[in-house]
Amino acid sequence: MHKIFDRCHWVFDYYYAQQYDLQLKFPRMRSIDLKIVGQAVIIVVLTVFGSTQAQAAVTRYVIHISVDGLRADVITTLGETRLPNFFRLRNEGATTDNARTDVDYTVTLPNHTTQITGRPVVGPDGHNYTQNDMPGSSASLHGVKGAYVSSVFDVVHDHGLSTAILAGKPKFILYEQSYDAASGAMDLIGNDDGRDKIDIFEINVDSIELVDDFLSAMTADPINYTFMHLRDPDTAGHQSQWDLTIDSDYPDSVIEVDHLIGKIIDTIQSNKSLRGQTVVIVTADHGGRIGTTTHEPADSRENYMIPFYVWGGNTAAGVDLYTLNSGSRLDPGSAQPAYNRGLQPIRNGDAANLSLELLGLEANPGSTINARQDLKSIKMTSIAQQISLPIGD
Ligand SMILES: [Zn+2]
């Protein structure tokens, strides 16, 4: 059933992307004409490339990794020899080093909440969780917002799929407190899977143990959606003022993360249940400012510029995500565009609805970032290039 839904979902996404492109190219054409053209295109896509669509439906597992305090430029500074696994993601995946955090906050809990909800931090659409300290034992996202804040965990769990959080800082207890059997919403989708939205929850400041525990769980009984938080570059960055000099603490912590990512992708590739069916997303909550002990203010490029890498399954190989999404996202150069300013950059907040889309699930209720699920990581240009549109200049 998921496969059928996923296939239709992808095709309709493609249809809407075509409509959007056509409207840009032919602004004077009436929308009814554009619809006819779009439908003709989609019939060709369905007929000729049906098998390609079916392949797009095989993602069963998403591992969403947020590396705390990962500046995008540390990856290029260290290079492929020191970071073979980050570069494997780049060479085999769809990636950018010019993604963005939330506009108003570049600190841990607000930006991770954005990553799991697809909502900005502030404003009426925002999740409104601006604190970054250890939450009180009764704190929840819903209590702060004054309304239920749905997340990726809600959508995945309510569809009967499994979820996990493995995090390196104690304050991530916020998410367990927000989505446990007492605080999670009723499951109104299909079978009642209960209110506890997170099947596996682990906090461990030792990232090696955290990843080992995750891989044991993943190979014993694969988890459909995992949110993994790797803390070490943030800790090293605060202590060393984000010094990028080779062999200093911050770059060394990124090399350690590279080893852990290598373990994860090696496990995927050596396990026939996971290989080809698992997509890994790697991004960050924020960067960090050289010469300071912080990653604020939010309007500093060093703080808001982060990587966003997608790898595995049917992900396009060695492709820039902005090139792949030229109709729906715009490389912001050095800027941090406001949420209401035209085509958006790729943001860490895109990860929520991208994860859901890969699993064949609808966007998270209340989300506004990638709410159309139009951030693509599967190569579509090869299909589009083979179709000659029945209209031209
Ligand atoms: Zn920090």
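The values are calculated or read from the model by the stated rules, or taken from the named source; none is laboratory data. Just so you know, these numbers come straight off a predicted model, no measurement behind them. Using ideal geometry, Cβ is built from the backbone for each residue, glycine included, and neighbour counts are taken over all protein chains shown.
Note on segment 218-248: residues that are in contact (Cβ under 8 Å) with a residue 60 or more places away in the chain, within 30 Å of Gly291 (Cβ to Cβ) and part of a loop (DSSP other than H, G, I, E, B) amount to 4. Here segment 236-289 is the region considered, the condition is being within 16 Å of the ligand (Cβ to nearest atom) and β-branched (Val, Ile, Thr), and the residue that is surrounded by the fewest Cβ atoms within 10 Å (Cβ to Cβ) is Val257. Taken over segment 91-111, the residue count meeting the criterion of being within 12 Å of the ligand (Cβ to nearest atom), polar (S, T, N, Q) and in a loop (DSSP other than H, G, I, E, B) is 1.
Could you tell me whether any residue of segment 74-87 is buried (at least 16 other Cβ atoms within 10 Å of the Cβ) and within 16 Å of the ligand (Cβ to nearest atom)? Yes, because at least one residue in segment 74-87 is buried (at least 16 other Cβ atoms within 10 Å of the Cβ) and within 16 Å of the ligand (Cβ to nearest atom). For segment 137-145, check the following and say yes or no: at least one residue is closer than 29 Å to Gly318 by Cα and either at pLDDT 95 or above or away from the ligand (no atom under 16 Å from the Cβ) (or both). No: segment 137-145 contains no residue that is closer than 29 Å to Gly318 by Cα and either at pLDDT 95 or above or away from the ligand (no atom under 16 Å from the Cβ) (or both). Restricting the first member to segment 178-189 and to residues that are hydroxyl-bearing (Ser, Thr, Tyr), and the second to residues that are in a helix (DSSP H, G or I), the beta-carbon pairs closer than 6 Å and six or more apart or on different chains are Ser178/Leu141; Tyr179/Phe153.
Identify all residues within segment 186-217 that are in a helix (DSSP H, G or I) and within 16 Å of the ligand (Cβ to nearest atom); write none if there are none. Talk me through it step by step, then tell me what you get.
Filtering segment 186-217 for residues in a helix (DSSP H, G or I) gives 207-217.
If the condition is that a residue be in a helix (DSSP H, G or I) and within 16 Å of the ligand (Cβ to nearest atom), then Ser207 is the only one that fits.
Within segment 290-306, track down each residue that is loosely packed, with under 14 Cβ neighbours inside 10 Å and within 13 Å of the ligand (Cβ to nearest atom). Result: Thr293, single match.
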